[in-house]
Amino acid sequence: MTTSTSQNTHETDTANNASCTTISTILTLAIPTFGQLIAEPAFVLIDTAIVGHIGGQALAGLSVGSTIVLTVVGLCVFLAYSTTTQVGRLLGAGKRSEGLEAGIDGLWLAGIIGVVVSVALFVIARPLCTAMGAQGSVLHNAVDYVRAVVFGIPGMLLVYAANGIFRGLQKVRITLIAAMVGAILNTLLDLLFILGFGWGVFGSGVATLISQWLMAVVLIVPAVLWTRAEGARLRPRLSGVLNSAGDGAVLFLRTLALRACLVANVVLATHMGVEVLAAYQVVNSSWNFVLNMLDAIGIAGQTLVAAQIGARKEDEAMRLTRIAGKAGLCGGTVIGIGLMIAGWCASPLFSQSTEIQHLLTVGMVVVGVTLPLAGWMWAVDGILIGAGDYRYLALTCAATAAIYVPCLAAIGRICDAIQASSALRMALLWLAVNLLFVGLRAIFNGFRIGTSTWLHIRMHLLSAVK
């Protein structure tokens, strides 16, 4: 009996040690990944803080313009996700050279997409801003921002693809360095262009453009050097580019559905008035910022699970999934508390208007209370992406959009009917975002990981390909 008890104790200690080691590994990957992820949201947050002191019209215009740019760029986030998954799996299978070549294919695809998107967006900037509900000086500021930043999009997408390479290699410190360099440069250029030269929102866009291209250079050069050192090819492979595009097509549909929901948020905020829209810009920038903390946990889990799938270790992949979900929940709780404190204390940093300050405090508190749910959902979402479960994610995100957008429209009509105050409108908008938009995705993802069916399917597909 004593021997049995001792054995059980030993097994428990071993399991606990394994869990602690896994959490340590997740944090080792997640912290630098977070630094990389916050680059774009940090640029917008810094822009928001500086532009907010110009006036409410400029801040509202930045909200519309940055939403369009972030939506377009966000639709291409598959460049990072699919590259991470491909590189991680190939490295897990011991195919380092092939993994690096897959990453280079992702870079070529990012460059092609970036050029095409930049030209198209420059041409249709005004109609897009008008469709978002912008008018007068808000429209002028929004168009200025889009046209200033638009040719930085190729740099943004190259950063996405390069980050996918380094995540798959589990060498994420360099992504942190690139993000820090970009953020510092963006802040300095913002102060120079917006306040020094008086360029306003246009200066904000130019600062972001320059910073994004610098980040791209910082990441692409070492990626190319490491690929060459491994003897892997740098030339584009049509089959590899098409393979990246094939994975990306399904992820694109997933992201398109999610971005439709986020654009609907801005449309409703625009309908609710300039003050609500200006406050929404601040809260949304903060929300995107903290979500990238949570996404860093998901991407760390994605990288680790992809490697275990490539090595055909199903039990270990399931264990990592459970641990990553718990880490996301705990992270959401801690970060949510910090966000609520920031909402109470930091509102004067973003606007001189007491009305806008009050509204953004309301939004921050709502987001902070509901952030633990987002933390768990984002972690599990990253795991499913790492497993290549793209079709399921695309279908469930489309279902989420089909439910969410009509509900959002109904909230707008109800607020108009009862003549709701701006504070109530702000609270309902962010409750919808975090309980409907995030909550529906959490339910779908929870059903998926409730069993190991998704993992069996992926293992079977990999065996078939092999």
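The values are calculated or read from the model by the stated rules, or taken from the named source; none is laboratory data. Treat the numbers as computed from the prediction; the structure is a model and nothing was measured. A quick note on method: Cβ atoms are made from the backbone with ideal geometry, for glycine too, and the neighbour counts reach across all protein chains shown. Just the protein is used for accessible areas: all its heavy atoms, side chains included, with ligands, DNA and RNA removed. Shrake-Rupley method; radii C 1.70, N 1.55, O 1.52, S 1.80 Å.
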Looking only at region 155-192, which residues are open to solvent by 30 Å² or more (accessible area, probe 1.4 Å) and under 17 Å from SER118 (Cβ atoms)?
-> TYR160
Which one of the conditions (1) modelled with pLDDT under 85; (2) open to solvent by less than 40 Å² (accessible area, probe 1.4 Å) does GLY336 fail to meet, given that it meets all the rest?
-> (1)
Lone unmet requirement of (1) at pLDDT below 85; (2) of a type outside the set (Lys, Arg); (3) assigned to a helix (DSSP H, G or I); (4) open to solvent by 50 Å² or more (accessible area, probe 1.4 Å) for THR255 | (4)
Within the set of pairs 6 or more residues apart or between chains, which connect a residue that is of a type in the set (Ser, Thr, Tyr) inside region 108-127 to a residue that is open to solvent by 50 Å² or more (accessible area, probe 1.4 Å) and part of a helix (DSSP H, G or I) with Cβ atoms less than 8 Å apart?
-> SER118/PHE151
Going through region 292-316 one residue at a time, which ones are among the hydrophobic types (A, V, I, L, M, F, W, C) and open to solvent by 10 Å² or more (accessible area, probe 1.4 Å)?
-> MET293, ILE297, LEU304, ALA307, ALA311
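Conditions (1) at pLDDT 90 or above; (2) in contact with an Asp or Glu (Cβ under 6 Å, 6 or more places away or on another chain), marked per residue:
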{"residue": "LEU176", "(1), (2)": "no, no"}
{"residue": "ALA207", "(1), (2)": "yes, yes"}
{"residue": "ILE210", "(1), (2)": "yes, no"}
{"residue": "MET215", "(1), (2)": "yes, no"}
{"residue": "VAL218", "(1), (2)": "yes, no"}
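Residues checked against (1) among the polar types (S, T, N, Q); (2) closer than 21 Å to ILE297 by Cα; (3) in a helix (DSSP H, G or I); (4) touching a residue at least 12 places away in the same chain (Cβ under 8 Å):
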| site | (1), (2), (3), (4) |
| --- | --- |
| VAL367 | no, yes, yes, yes |
| LEU373 | no, yes, yes, yes |
| TRP376 | no, yes, yes, yes |
| LEU393 | no, yes, yes, yes |
| THR396 | yes, no, yes, yes |
| ILE403 | no, no, yes, yes |
| ARG413 | no, no, yes, no |
| MET426 | no, no, yes, yes |
| LEU431 | no, no, yes, yes |
Single match in GLY152, GLY106, GLY114, GLY136 (criterion: in contact with a helix residue (DSSP H, G or I) (Cβ under 9 Å, 6 or more places away or on another chain) and surrounded by fewer than 19 Cβ atoms within 10 Å (Cβ to Cβ)) = GLY136
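When only residues in region 340-355 that are in contact with a Ser or Thr (Cβ under 8 Å, 6 or more places away or on another chain) and open to solvent by less than 20 Å² (accessible area, probe 1.4 Å) count, which is nearest to LEU329 (Cα to Cα)?
The qualifying residue nearest to LEU329 (Cα to Cα) is GLY343.
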Identify all residues within region 263-283 that are under 17 Å from HIS358 (Cβ atoms) and assigned to a helix (DSSP H, G or I); write none if there are none.
-> ALA269, VAL274, GLU275, VAL276, LEU277, ALA278, ALA279, TYR280, GLN281, VAL282, VAL283
Can you name every residue in region 379-422 that is open to solvent by 20 Å² or more (accessible area, probe 1.4 Å) and of a type in the set (S, T, N, Q)?
-> GLN419, SER421, SER422
Quick one: how many residues across region 366-378 are of a type in the set (Ser, Thr, Tyr) and crowded, with 24+ Cβ neighbours inside 10 Å?
-> 0
When the residues of region 117-130 are filtered to those that are out of contact with any helix residue (DSSP H, G or I) (no Cβ under 9 Å at 6 or more places or on another chain) and farther than 16 Å from LEU75 by Cβ, which remaining residue is least open to solvent (accessible area, probe 1.4 Å)?
-> PRO127
